[in-house]
Amino acid sequence: MGGDPRAALAQAPMSFAQIVVVALTIALNALDGFDVLSISFASPGIAAEWGIDRAALGVVLSMELFGMAAGSVLLGRLTDRIGRRPVILLCLCVMAFGMFMVPTTTSLVSLSMWRVFTGLGIGGMLAATNATVAEYANERSKHLCVALMAIGYPIGAVLGGIVTAQLLKQGDWRDVFYFGGFVTVAFLPLIWFLLPETIPFLIHKQGPGALEKVNRLLLRMGHAAVAALPVVDERKQSGLSDILRAPLLATTLLVTLAYFAHIATFYFILKWVPKIVVDMGYAPSAAAGVLVWANVGGATGGAALGLLATRMSLRPLIIFALAGSVVMVSWFGRGQANLAQLSLVVASAGFFGNAAVVGLYAVFAQAFPTRVRATGTGFAIGVGRGGAAVSPVVAGLLFTAGFSLQAVALVMAMGAAIAAIAILLLPAPAARAGDRREQPA
């Protein structure tokens with residue numbers, strides 16, 4: 001009995017218990033994917049029923065993204081204080097309540113309020129699950145596991161889009177949110193029974209019963225128990241001040257800028273495709289089908305980057321994905337002759353766009369040590385989500401001002417180009433420093 005449990009987990013093969021946790025984080029991110037895009041699936045029906053224009057619709061499409069930004073920062077910090085598991089459970093409750101309340105709304109104000117509320121839970125979930133999968137995965141599989149977690153998002157959007165297409169044929173836009181609410185509630189018992197707290201967090205906090213909890217988890221994963229937990233340096237800070245000063249400051253600012261800029265590009269496609277397709281004269285169910293293809297491409301791109309990252313350097317992969325995103329979003333703006341061509345272009349944009357998102361999540365998991373992993377991830381995602389929140393509004397205002405689809409697409413594609421520059425400037429050692437600081441002496 002002895003040694004640092006973190007070292008044992010980092011070097012040993014993945015156990016069944018660890019694989020179950022990774023699968024749960026994939027499912028949770030899939031749930032996030034559907035919950036975020038539920039308003040996109042429902043937007044044509046809302047616009048038709050309430051008679052709102054593109055500018056007003058752009059504001060509605062952004063509301064949960066503002067909530068996600070706040071939730072990532074605030075609940076990311078809470079995740080580093082009380083643990084990954086309790087925050088995930090809290091976020092599920094918030095998301096479920098928000099989804100169930102949306103169908104009761106009768107105005108843009110109340111609809112926006114409940115989408116902000118739902119976004120709080122979604123944003124906190126992103127920070128908590130990213131930290132969870134990074135701390136459960138072994139060193140060899142960490143990039144792949146983070147990538148798999150990240151592609152849960154488009155998988156959820158794909159499956160949700162398929163279901164939504166049927167719901168919209170049989171009912172109206174409110175059914176989308178009822179479905180999302182019931183699925184969210186179903187996750188509560190799964191997380192309660194199958195997702196324990198992470199060992200690195202338990203070692204860092206070392207609260208009452210921490211040793212017993214760590215040993216139970218070690219035995220569950222096929223490792224020997226330990227007689228004592230490693231000594232933790234209490235002088236190390238674990239808050240926003242830690243990630244906003246040397247040696248993490250440059251990394252924090254650059255990854256946040258990269259995420260902000262690229263998400264603005266990515267969400268232009270995700271948020272506006274359904275409305276653009278309906279404006280082309282197609283039914284809302286067809287619009288949901290095109291958005292499904294965007295997420296099929298996203299899931300494929302995320303998986304491809306995750307697999308390549310096990311053999312290649314992360315930075316050139318991210319830059320290549322960002323360059324592809326610039327090209328395909330610009331191509332989307334040219335307009336397509338039919339739904340098949342449009343679906344192919346949108347799927348390609350999703351491929352490169354989500355591949356870059358997956359790469360950025362992997363950088364988050366590496367860049368920040370355990371004590372501030374959720375805080376750093378939450379800050380980068382939270383502030384970065386401002387790009388997602390601004391994107392539909394900016395696009396809506398440009399459309400309202402008379403800009404063509406091509407002009408709007410070119411403007412929105414520049415976000416991915418800015419992100420590529422930020423990644424080029426990212427200090428290479430910084431992306432690896434976080435985990436080195438967590439290694440046992």
Practice problem: Would you mind stating whether Gly124 is under 11 Å from the mean Cα position of the chain (by Cα) and closer than 23 Å to Val87 by Cα? | Solution: yes
Practice problem: Please list, ordered by first then second residue, the pairs with beta carbon atoms under 7 Å, 6 or more apart or interchain, first in the stretch 1-22 and modelled with pLDDT under 90, second charged (D, E, K, R). | Solution: Arg6/Glu438; Ala10/Glu139; Gln11/Glu139
Quiz item: Applying the selection to the stretch 391-407, what residues are small (Gly, Ala, Ser) and either under 11 Å from Tyr259 (Cα atoms) or buried (at least 24 other Cβ atoms within 10 Å of the Cβ) (or both)?
Solution: Ser391, Ala395, Gly396
Quiz item: Counting just the residues of the stretch 336-390 that are closer than 23 Å to Ala299 by Cα and β-branched (Val, Ile, Thr), which one comes out surrounded by the fewest Cβ atoms within 10 Å (Cβ to Cβ)?
Solution: Val345
Quiz prompt | Selection count where residues are over 22 Å from the mean Cα position of the chain (by Cα) and either part of a helix (DSSP H, G or I) or within 21 Å of Ile26 (Cα to Cα) (or both), scope the stretch 141-177 | solution = 8
Exercise. Just give me the residues in the stretch 401-427 being polar (S, T, N, Q) and in a helix (DSSP H, G or I), in sequence order.
Key: Gln406
Exercise. Could you tell me whether Val102 is closer than 27 Å to Gly289 by Cβ and either of a type in the set (Ser, Thr, Tyr) or surrounded by 22 or more Cβ atoms within 10 Å (Cβ to Cβ) (or both)?
Key: yes
Quiz item: What are the residue pairs meeting all of these: first residue in the stretch 66-86, first residue over 19 Å from Tyr361 (Cα atoms) and assigned to a helix (DSSP H, G or I), second residue of a type in the set (A, V, I, L, M) and at pLDDT below 90, Cβ atoms under 8 Å, and 6 or more apart or on different chains?
Solution: Phe66/Ala389
Exercise. Return a yes/no flag: does the stretch 83-95 have any residue that is under 30 Å from Ile276 (Cα atoms) and at pLDDT 95 or above.
Key: yes
Self-check item: Filter result for Leu31 (more than 30 Å from His223 (Cβ to Cβ), crowded, with 21+ Cβ neighbours inside 10 Å and modelled with pLDDT of 90 or more)
Solution: yes
Quiz item: When only residues in the stretch 351-378 that are in contact with a Gly (Cβ under 6 Å, 6 or more places away or on another chain) and of a type in the set (Phe, Trp, Tyr) count, which is nearest to Leu202 (Cα to Cα)?
Solution: Phe368
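Residue under question is Glu49, and the condition is that it be among the acidic types (Asp, Glu) and modelled with pLDDT of 90 or more; does it hold?
Judged against the criteria, Glu49 is a match.
Just checking, which of Phe368, Phe403 is within 22 Å of Ala147 (Cβ to Cβ) and either of a type in the set (Ser, Thr, Tyr) or out of contact with any Ser or Thr (no Cβ under 6 Å at 6 or more places or on another chain) (or both)?
Phe368
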Practice problem: Look at the stretch 307-326 and say how many of its residues are hydrophobic (A, V, I, L, M, F, W, C) and without any contact (Cβ under 8 Å) to a residue 12 or more places away in the chain. | Solution: 3
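Results for (1) hydroxyl-bearing (Ser, Thr, Tyr); (2) at positive phi; (3) touching a helix residue (DSSP H, G or I) at 6+ places or on another chain (Cβ under 9 Å), shown as yes or no for each residue.
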| site | (1), (2), (3) |
| --- | --- |
| Gly3 | no, yes, no |
| Ser15 | yes, no, yes |
| Thr25 | yes, no, yes |
| Ala30 | no, no, yes |
| Leu37 | no, no, yes |
Quiz item: When you look at Leu410, is it surrounded by 15 or more Cβ atoms within 10 Å (Cβ to Cβ), among the aliphatic types (A, V, I, L, M), within 18 Å of Ala261 (Cα to Cα) and touching a residue at least 24 places away in the same chain (Cβ under 8 Å), yes or no?
Solution: yes
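The values are calculated or read from the model by the stated rules, or taken from the named source; none is laboratory data. Remember, it's a predicted structure, so these values are computed and weren't measured experimentally. Heads up, the Cβs are rebuilt from the backbone with ideal geometry, glycines too, and the neighbour counts pull from every protein chain shown.
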